[in-house]
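**Student:** Input: one structure, supplied below.
The values are calculated or read from the model by the stated rules, or taken from the named source; none is laboratory data. Only a predicted model underlies this, so the values are computations on that prediction, with no experimental measurement involved. FYI the Cβ positions are ideal-geometry reconstructions off the backbone, even for glycines, and counts take in every protein chain you see.
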């Protein structure tokens, strides 16, 4: 499979690229500066461009079977809502995928993004409340991404994560669709593994799994 990864030089994005390469996939890594990745691989192609560069983003998407976005909003605590660059990038990705008749799109989110399966519990309520209070711009980014994804014609999956900073203990991950209990912690390694595995898990199309460590 050929997979395009946006945000490929971020903390999670780099792990996504490595996971996909280890899985035997071909990877097109979209980065915003030269030498953003400090490793090479025969199945790795790097495209350099900004998140508003229509031509470069189309180049990155045109040959792929699936697109993964590991882009995340800045954790800005300012009370003033600023520009929403990550949501704008999602809008561009979705438009280009639809133009190119590409279907499979997997992106990162948080439980700020609401799924129809969600039930009232800690993992579906608390993260959204905290984001709205602490990171209002990031909260608006997530709500705009939710709107864009749900309105698209893509076969999308939103992988929702909470606190992706915990230690990885090599025990894998579990998933809740918001209707069963989960925990509020996940390693970046497990997030990356989940994102890559979602390219082949069709049962999660138009779903919003919450991923957490076992």
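**Student:** Hey, among 190, 185, which residue is touching a strand residue (DSSP E or B) at 6+ places or on another chain (Cβ under 7 Å), over 24 Å from residue 9 (Cβ atoms) and without any contact (Cβ under 8 Å) to a residue 60 or more places away in the chain? Please lay out each step first, then the result.
**Tutor:** Details: 190 fails: over 24 Å from residue 9 (Cβ atoms).
Result of the check over 190, 185: 185.
**Student:** Taking residue 114, is it more than 23 Å from residue 8 (Cα to Cα) and touching a helix residue (DSSP H, G or I) at 6+ places or on another chain (Cβ under 6 Å)?
**Tutor:** Numbers: more than 23 Å from residue 8 (Cα to Cα): yes; touching a helix residue (DSSP H, G or I) at 6+ places or on another chain (Cβ under 6 Å): no.
So residue 114 fails the test.
**Student:** Further question: When you scan segment 31-51, do you find a residue that is surrounded by 14 or more Cβ atoms within 10 Å (Cβ to Cβ) and touching a residue at least 40 places away in the same chain (Cβ under 8 Å), even just one?
**Tutor:** Yes, segment 31-51 contains a residue that is surrounded by 14 or more Cβ atoms within 10 Å (Cβ to Cβ) and touching a residue at least 40 places away in the same chain (Cβ under 8 Å).
**Student:** Which of the numbered conditions does residue 181 fail, given that it passes all the others? Conditions: (1) farther than 25 Å from residue 3 by Cβ; (2) within 16 Å of the chain's Cα centre (by Cα).
**Tutor:** With respect to (1) farther than 25 Å from residue 3 by Cβ; (2) within 16 Å of the chain's Cα centre (by Cα), residue 181 is out only on (2).
**Student:** Determine whether residue 146 is buried (at least 21 other Cβ atoms within 10 Å of the Cβ), at pLDDT 85 or above and not in a loop (DSSP other than H, G, I, E, B). Let's see the steps before the verdict.
**Tutor:** Values: buried (at least 21 other Cβ atoms within 10 Å of the Cβ): no; at pLDDT 85 or above: yes; not in a loop (DSSP other than H, G, I, E, B): yes.
Spelling it out, it is not the case that residue 146 is buried (at least 21 other Cβ atoms within 10 Å of the Cβ), at pLDDT 85 or above and not in a loop (DSSP other than H, G, I, E, B).
**Student:** Right, something else. Just give me the residues in segment 193-214 being in contact with a strand residue (DSSP E or B) (Cβ under 6 Å, 6 or more places away or on another chain), over 18 Å from residue 19 (Cα atoms) and part of a helix (DSSP H, G or I), in sequence order.
**Tutor:** 204
**Student:** Could you count how many residues in segment 99-110 are within 19 Å of residue 204 (Cα to Cα) and either assigned to a helix (DSSP H, G or I) or more than 13 Å from the chain's Cα centre (by Cα) (or both)?
**Tutor:** Quick first cut of segment 99-110, residues within 19 Å of residue 204 (Cα to Cα) only: 102-110.
Those still in the list that are either assigned to a helix (DSSP H, G or I) or more than 13 Å from the chain's Cα centre (by Cα) (or both) too: 102-103.
Total meeting the criteria: 2.
**Student:** Among the numbered criteria (1) farther than 21 Å from residue 122 by Cβ; (2) in a loop (DSSP other than H, G, I, E, B); (3) out of contact with any helix residue (DSSP H, G or I) (no Cβ under 6 Å at 6 or more places or on another chain), which one does residue 168 miss?
**Tutor:** (3)
**Student:** Answer yes if at least one residue in segment 116-139 is under 25 Å from residue 3 (Cα atoms) and either surrounded by fewer than 21 Cβ atoms within 10 Å (Cβ to Cβ) or touching a residue at least 40 places away in the same chain (Cβ under 8 Å) (or both), and no otherwise. Full working, then the answer.
**Tutor:** Within segment 116-139, the subset under 25 Å from residue 3 (Cα atoms) is none.
No, every residue in segment 116-139 fails to be under 25 Å from residue 3 (Cα atoms) and either surrounded by fewer than 21 Cβ atoms within 10 Å (Cβ to Cβ) or touching a residue at least 40 places away in the same chain (Cβ under 8 Å) (or both).
**Student:** Shifting gears a bit: Is one or more of the residues making up segment 149-163 at pLDDT below 95 and either more than 16 Å from residue 68 (Cα to Cα) or not in a loop (DSSP other than H, G, I, E, B) (or both)?
**Tutor:** There is at least one residue in segment 149-163 that is at pLDDT below 95 and either more than 16 Å from residue 68 (Cα to Cα) or not in a loop (DSSP other than H, G, I, E, B) (or both).
**Student:** Collect the residues in segment 149-165 that are out of contact with any helix residue (DSSP H, G or I) (no Cβ under 7 Å at 6 or more places or on another chain), in contact (Cβ under 8 Å) with a residue 40 or more places away in the chain and surrounded by fewer than 17 Cβ atoms within 10 Å (Cβ to Cβ), keeping them in residue-number order.
**Tutor:** If the condition is that a residue be out of contact with any helix residue (DSSP H, G or I) (no Cβ under 7 Å at 6 or more places or on another chain), in contact (Cβ under 8 Å) with a residue 40 or more places away in the chain and surrounded by fewer than 17 Cβ atoms within 10 Å (Cβ to Cβ), then 155 is the only one that fits.
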